[in-house]
Each structure stands twice: as C-alpha cells, then as structure tokens.
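Chemist: This is the structure I have questions about; it appears just below.
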Amino acid sequence: MVNVTSMRARALTARVVCVVCLLAVAAGPLYAATSARADVGKGTNGSSNGSATATGQPGGPSTPSLASATLEQCVTAIDSATRSATFNGQMSTVPGTRRMAMQIAVQEEAPGDSAFHTLAAASPSGWRRSEAGVKIYKYVRQVTDLPAPGAFRAIVLFRWIGEKGRVIKRAVRHTSVCVQPDERPKLVVDRVVASAVSGSPGLTVYRVAVRNDGHSSAGPFGVALSVGGVAQPPLSVTSLDPGARTVLEARGPTCTAGSQVEVTLDPSHQVPEAAGGGQSDTLPCPLPPGR
C-alpha cells in the first residue's frame, strides 16, 4: 500500500501490485514463485509496500501484441478509501531480447485541468525488469483512495534489452481512463415562495423546496431560514434520496421590499457533500407567491 498525495492537496493511497507473468521457452523449466518488496512512495498518512510475484510455464508467447497497456479495473465509491484504479502493462519478446522492462506512471485530470498531469506524489514506479529468457512479461499497478471527481490513466513505458544491457526497442502506451465521479449527495435550494396568511397581516408562510442533485442519499440535516436578517425557527429534513425533492414550510414575518430572505442548507455540516452543494441562497423581497 503506497500512500501518496494528489496535486489537489488531497491524500491518495497507492497500492502497487507487481505481477510478472513469465513464459519460458518450450524446453525451459517451470519458474517458481518469488516475491520482493517494492517501495514506491510514502504520503502523509500511511505506509508504503508492494509485492512482485513470478510464475511461469513451458510454451511460447500467447499474445498477438508486442506491448499493451490496459485499465484492468475502475472502482467508484462514496468512500474515497475504496475508490481505486488498476492498470497493467504486458509485453512479449522481439528477436535479440534478453530481458524486458516496464515503468508505469499514473496521471490525473482534475476538474478545471486542461490536460492530464503525472501525479507528483504517485511517482513513476521505477523500471521493473524480467528475468532472462522470459517470453511474456506483465506488470500491474493499483492506485487507491482516489479523489473525486477526477479522471485517471496510466502511461506505460516499455524497453526490450539485448546483449550487454543495450536497449534494442522502446514503446509507450496509454491506458483508457478511469473516471471517478463524486458520489456524495449535493443539496441545493430549488425554489422559495411566499404566501400571505389569511386574517394575519404581516405573517407569511414560506415554502422552501430542497433538492438532492447528488448520487447518494442525504440526511438528516437542517435548513436555516432568515427573513430580513432575523433568524426563524430551524427546519429539518430526515433524509433525501438522490434526485428527490422535498418542501419545507415555515411561518415568519412578511419580507418587505428592499429586504432579503436567506436559506442555508445543512448549517451544521452534518452531510459530507459534493462540490457545489450546501450553499446558502439569498433572495430579494418580495418573493414570488405560490403554493
């Protein structure tokens, strides 16, 4: 598990899993499993560890591509600790190859970015080299605790190494993109209307419509209403499903021209929300009538 920090000043945890698939020549031996520690980086809130395993069997290359880079898994979730992206690179020999090597760099494109950039704290993995005689080599890297919203991909660099360590071929491949939406709720003020109370001059019924534009349920949370700068008794919502709308009613003094009505959602910050949610809405008086 590698803890890293994103360029958006948020903590990431990157877990590196190196899986080396070794296919020996037809007359070659069956390779035994091995493991090694791979320290890639350490973030602000965790430790770093990884593993490399090697397995093999007699036979020749089984892949038609000399080099490929793929997004193996993209896991989205409300809890950042369970969000992850798993990338892998795979390569096979060319004539004259003694060993093969790969490096995986993870990139992010955050909202507002004009292009992908390499995560500084999730630095490139370093070159991982195969054993001599390997015909197919595979390397897998997983990054977890991803911030959201955001998009993530990997650049995989390939090297074919010949006699005396000379690089005889190079290649670069990009994986497809793992999109991480912000799965948290997003509370917004949909509408506020006012209706005079019959027989009670100076008294108004305020109807506040609240909507959840997020991807998960919210609640419980409060709603604060202020009329002409005077706070009214607090309102509350038990729960609100994604895409749902609820209307709250409160009686208060009639707002006069030149004054304002202010609605603040979740003033106690009970609900962890997506960006843009839970903001106050200030409306000039008089308010539109409605029911």
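For (1) more than 27 Å from the chain's Cα centre (by Cα); (2) at negative phi, each residue gets a yes or a no:
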| site | (1), (2) |
| --- | --- |
| S217 | no, yes |
| A231 | yes, yes |
| E273 | no, yes |
| G276 | no, no |
| Q279 | no, yes |
| L287 | yes, yes |
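Chemist: May I ask you to verify whether A194 is hydrophobic (A, V, I, L, M, F, W, C) and in the same structural domain as E249 (by TED's automatic domain parsing)?
Modeler: Taking the combined requirement at face value, the residue satisfies it.
Chemist: Further question on the same structure: Would you call V189 out of contact with any Ser or Thr (no Cβ under 6 Å at 6 or more places or on another chain), farther than 24 Å from S280 by Cα and of a type in the set (A, V, I, L, M)?
Modeler: no
Chemist: Here is a follow-up. Please go through (1) at pLDDT 95 or above; (2) surrounded by fewer than 18 Cβ atoms within 10 Å (Cβ to Cβ) for G133 and return the number of the only condition it doesn't satisfy.
Modeler: If we test G133 against (1) at pLDDT 95 or above; (2) surrounded by fewer than 18 Cβ atoms within 10 Å (Cβ to Cβ), just (1) comes out false.
Yes/no matrix, rows are residues, columns are (1) basic (K, R); (2) at pLDDT 95 or above; (3) surrounded by 14 or more Cβ atoms within 10 Å (Cβ to Cβ); (4) closer than 30 Å to R99 by Cβ:
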| residue | (1), (2), (3), (4) |
| --- | --- |
| D145 | no, no, yes, no |
| F158 | no, yes, yes, yes |
| A209 | no, yes, yes, no |
| T246 | no, yes, yes, no |
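Chemist: Looking at the range 213-280, what strands (runs of 3 or more DSSP E) fall wholly within it and have at least 2 residues that are of a type in the set (K, R)?
Modeler: Those strands (runs of 3 or more DSSP E) span 245-253.
Chemist: Let me ask something else. Step by step: first the residues of the range 173-183, then only those that are surrounded by fewer than 21 Cβ atoms within 10 Å (Cβ to Cβ) and in a loop (DSSP other than H, G, I, E, B), then the one that is farthest from the chain's Cα centre (by Cα). Which residue is that?
Modeler: Among those that are surrounded by fewer than 21 Cβ atoms within 10 Å (Cβ to Cβ) and in a loop (DSSP other than H, G, I, E, B), it is S176.
Chemist: To continue, here is another question. Keeping to the range 111-128, report how many residues are crowded, with 18+ Cβ neighbours inside 10 Å and among the charged types (D, E, K, R).
Modeler: 1
The values are calculated or read from the model by the stated rules, or taken from the named source; none is laboratory data. Every value quoted in this text rests on a predicted model; they were computed, and no experiment measured them. Using ideal geometry, Cβ is built from the backbone for each residue, glycine included, and neighbour counts are taken over all protein chains shown.
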